[in-house]
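S.K.: Before I ask anything, here is the structure I am working with.
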2 protein chains.
Amino acid sequence: MAGTLTTVSFVPQVHKAWRSRRCDDLSLGMLLTFGLGVVLWLIYGLWLHAAPIIVANAVTLALILVLVAFKLRFVGH
Amino acid sequence: MAGTLTTVSFVPQVHKAWRSRRCDDLSLGMLLTFGLGVVLWLIYGLWLHAAPIIVANAVTLALILVLVAFKLRFVGH
């Protein structure tokens, strides 16, 4: 449940960024550092064959990559 | 290491928000949902007496609370 919440939490952020076409106040350093952490969690989950860790971190990684794409695309908007 | 990165990632976000005095593009829903998830992780860590989970999530929670405070304080700036 804790993992679900921390994963799902990026949904409103993606939604907000998509609607407003703005990510200026999001830190790229935060997104990249967090994304790297999530990649390591994903590797850990794959290594353990732990489906909940794999699914939660794969979804989070996808949402983070969307935010990074928005961040690069909407720059200065 | 994965946990350290996902915790530390909020440091550049707090730094950016503090310098720019802007959090408009941060989703309050993201902060509150993520914060609730971190609280549950913290409870889980306390229940397991797992110091790494406790420390990582206590630090993350503190950083999230700072961002929520900035979000409420810098609104419309």
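S.K.: Compute the angle between helix B:28-48 and the longest alpha-carbon principal axis of chain B, please, reported from 0 to 90 degrees and rounded to the nearest 10.
M.R.: Once rounded, the angle reads 20 degrees.
S.K.: Which angle from 0 to 90°, rounded to the nearest 10, does the C-alpha axis of helix A:10-20 make with the longest principal axis of chain A?
M.R.: Here the helix axis deviates by roughly 20 degrees.
S.K.: I would also like to ask the following. Residue farthest toward the positive end of the dipole of chain B, with Cβ of Lys/Arg at +1 and Asp/Glu at -1: which of B:Trp47, B:Leu67, B:Val8?
M.R.: B:Leu67
S.K.: For label points placed 7 Å from Cα toward Cβ, what is the shortest-first list of nm distances from A:Tyr44 to its copies?
M.R.: 1.0
S.K.: Tell me, what are the semi-axes, in whole angstrom and largest first, of the equivalent ellipsoid of the protein assembly as shown as set by the roots of 5 times the Cα gyration tensor eigenvalues?
M.R.: Those come to 25, 18, 13 Å.
S.K.: Another question, if that's okay. Nm distances between the label at A:Val75 and the same-position labels in the remaining copies, 7 Å along Cα→Cβ, shortest first?
M.R.: 3.2
S.K.: Taking the Cα centre of chain B as the origin, how large is its charge dipole in debye, to the nearest 20, when only Lys and Arg (+1) and Asp and Glu (-1) carry charge on their Cβ atoms?
M.R.: Roughly 280 debye for chain B.
S.K.: Using a 1.4 angstrom probe on the protein heavy atoms only, line up B:Ile53, B:Ile43, B:Ile64 by accessible area, largest first.
M.R.: Final ranking, largest accessible area leading: B:Ile43, B:Ile53, B:Ile64.
S.K.: Measuring from centroid to centroid over Cα atoms, what is the spacing of the stretch B:30-62 and the stretch A:1-58 in Å?
M.R.: Their Cα centres are 16 Å away from one another.
S.K.: Over the protein assembly as shown, with every protein chain in place, what whole percent of the accessible area is carbon and sulfur at 1.4 Å, could you tell me?
M.R.: 74 percent
S.K.: Also: Which trypsin sites (Lys or Arg not before Pro) in the stretch B:1-42 sit in a loop by DSSP (not H, G, I, E or B) and have at most 13 other Cβ atoms within 10 Å of their own Cβ?
M.R.: Passing both the DSSP loop test and the Cβ count: B:Arg21.
S.K.: Using only the Cα atoms of chain A, build the gyration tensor, take square roots of its eigenvalues as a ≥ b ≥ c, and label the shape rounded, prolate or oblate: rounded if a/c is under 1.5, else prolate if a/b is larger than b/c, else oblate.
M.R.: prolate
The values are calculated or read from the model by the stated rules, or taken from the named source; none is laboratory data. Everything numeric here is computed off the predicted structure, so don't read it as measured data. No Cβ is skipped: glycine too gets one built from the backbone with ideal geometry, and neighbour counts run over all protein chains shown. We work out accessible area using only protein heavy atoms, side chains counted, and drop any ligands, DNA or RNA first. Shrake-Rupley method; radii C 1.70, N 1.55, O 1.52, S 1.80 Å.
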